[in-house]
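What follows is one structure encoded as structure tokens, with my remarks underneath.
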Amino acid sequence: MLDYKGAIHIHTKHSDGSGSIHGIAQIANQAELDYLIITDHNRCHARFYEGWSGKTLVLIGQEVSPPGNHLIVMGCNRTIFPRRGDPQGLINEIKKEGGLSFIAHPHNRPHPLLFLGNHSWRNWDVNGYTGLELWSYMADWVEKATPLNLFSYLRHPDQAITGPNIKTLEKWDELLRQKKVPVIGSLDAHAKPFLFREVFPYRQLLKTIRTHILLPDPFESDVSLARQAVYEALANGHAYIANDSLADASGFLFEAESAGKRAIMGDSLDQPPAQVSVSSPHEAKLKLIKEGAIVKEVEGRSLQAEVFEKEAYRVEAYYQGRPWVFTNPIYVGR
Ligand SMILES: [Zn+2]
Ligand SMILES: [Zn+2]
């Protein structure tokens with residue numbers, strides 16, 4: 001499989017970000033990203049801006065943002081307008097348009113000091129959405145910023161980045177007991193001025209939390225075919241999230257085999273037992289997890305295990321003690 005890394009959930013001048021799509025796309029190409037997904041608030045301008053910026057595929061999604069209940073939407077060619085108090089109606093509309101919907105920053109704490117309200121997801125009884133934004137750079141930063149560390153974290157924002165929100169991880173594990181729930185990582189990048197200087201510049205954020213997708217073939221040069229490959233991989237969970245500012249995780253792989261059938265993250269296998277294996281491009285603490293509990297933990301570049309239960313198995317990796325990689329699950333017997 002080919003490992004293509006990209007950045008998701010970027011705001012531009014078309015909503016409340018500070019950069020142009022062209023400028024951000026150039027930064028993405030310099031950062032050697034394979035794809036970039038722009039998501040302005042309540043606005044989709046895919047027809048005008050999708051294409052290649054050097055080697056980076058630039059795609060235009062949108063963040064549908066009613067009060068609370070924000071959704072990252074991909075694959076729709078028109079603006080989907082927010083519906084106040086009707087998240088299920090919104091999800092249904094996106095599905096009807098053939099789009100993907102990921103619940104954005106599911107547990108985003110309000111921060112009065114930064115003038116941020118509560119944009120957490122409120123209606124967990126919905127169905128038909130594609131998945132969750134598991135690890136959001138800005139939601140992680142806001143969660144960790146306190147009046148005491150605020151100025152230090154504004155100067156060195158990456159220091160606050162210490163993993164997905166624990167409530168989101170628990171919610172995900174709970175949802176995985178019932179259904180497949182693919183996850184993505186995101187930036188929620190705005191690069192806005194704060195106290196007379198630019199904070200969270202695109203140049204810095206694009207090096208941090210990426211969603212790596214696994215593809216069987218290289219990108220086609222045709223934009224619509226390459227776009228389809230990215231969205232299929234994200235929808236199927238053929239992807240993992242990594243904080244590449246710690247170490248580039250390209251080449252990280254979680255796979256399993258049962259009765260001669262092979263699966264990668266996002267796939268299902270019919271029956272246990274299954275042989276699972278993890279390989280990492282760097283030394284790390286590798287944890288195999290089911291239902292939120294550790295099944296096996298090793299320090300190194302590979303992990304092998306045999307699993308016997310009908311469960312969703314996923315992997316977390318910690319690089320020099322810091323949260324680094326979160327994979328989509330392999331669904332054994334599910
Ligand atoms: Zn939002
Ligand atoms: Zn956003």
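Nothing in this text is a laboratory measurement; each read-out follows from the coordinates by a stated rule. Here the structure is a predicted model, which is why all the values come from computation and not from measurement. Here the Cβ is made from the backbone with ideal geometry for all residues, glycine too, and neighbour counts use every protein chain on show.
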Next item on the list: Please report how far the C-alpha centroid of the range 1-73 lies from that of the range 108-182, rounded to the nearest whole angstrom.
Entry: 20 Å
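Can you compute the helix-only [θ] at 222 nm over the chain? Use -39500 (n - 2.57) per DSSP H run of at least 4 residues, normalise by all residues, nearest 500 deg cm²/dmol.
Numbers: 8 runs with 67 residues, N = 334.
The helix contribution divided over the chain gives -5500 deg cm²/dmol.
Might you report the magnitude of the Cβ-based charge dipole of the chain about its Cα centre, with Lys and Arg at +1 and Asp and Glu at -1, to the nearest 20 debye? Working shown, then result.
Details: 36 positive and 38 negative charges, 153 e Å.
The dipole of the chain has a size of about 740 debye.
Rg(Cα) of the range 2-243 divided by 2.2 N^0.38 Å? Mind showing how you got there, number by number?
On the way: Rg = 16.7 Å, N = 242, 2.2 N^0.38 = 17.7 Å.
Rg over 2.2 N^0.38 Å, computed on Cα atoms: 0.94.
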Checklist line | Debye, to nearest 20: dipole size of the range 214-334, +1 on Lys, Arg Cβ, -1 on Asp, Glu Cβ | finding: 300 debye
Notebook entry, point to check: By how many degrees, 0 to 90 and rounded to 10, does the Cα axis of helix 21-30 deviate from the longest principal axis of the chain?
Noted result: 40 degrees
Note to self: Cut-off under 20 Å on the C-alpha distance; same-chain residues fewer than 8 positions from Lys285 excluded. Which aspartates and glutamates are left, in chain and number order?
What the structure shows: Asp244, Asp248, Glu255, Glu297, Glu299, Glu306, Glu316
Next item on the list: Name the residue farthest towards the positive end of the dipole of the range 253-332 from the options Val332, Ala259, Gly292, assuming +1 on Cβ of Lys and Arg, -1 on Cβ of Asp and Glu, about the Cα centre.
Entry: Gly292
